[in-house]
Amino acid sequence: MTLDCLALQDQVDQLILDSSYINIRSIVCGNQLLEYQVEQRHPVYGSKIVIKLPNAAKKNDLLQINIKYTTTDQCTAVQW
């Protein structure tokens, strides 16, 4: 899945998404593999995915983030 993300302000250095019971294979911007962390699952809100951007984005920068993932049998949401 590719997300087109527009920076709404200067100095954006991370992207935060939410999910529930998915397995992330990789996250890439351009040809650069990005670091990310899936935080502990909240019973109502699911798991926060914190993606570190390669460079701080400036206002109106368009970033294409490609996320390769699979769902699990417990998957309840991918809200992007």
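Summary of values
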item: Potential lengthening between ALA56 and THR70 on full extension [0.36 nm per residue; Cα-Cα distance subtracted]; result: 2.2 nm
item: TRP80 paired with LEU3, simple spin-label distance in nm, labels 7 Å along Cα-to-beta-carbon; result: 0.6 nm
item: Rg/Rh (Cα only; Kirkwood hydrodynamic radius) as it applies to the chain; result: 0.98
item: Built amide H within the under 5 Å cut-off of ASP61, gap 5+; result: ALA7
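Read-outs throughout are calculated quantities, based only on the coordinates presented, and are distinct from any laboratory measurement. These numbers come from a predicted model, not from an experiment. Note that we place each Cβ from the backbone using ideal geometry, even for glycine, and neighbour counts take in every protein chain shown.
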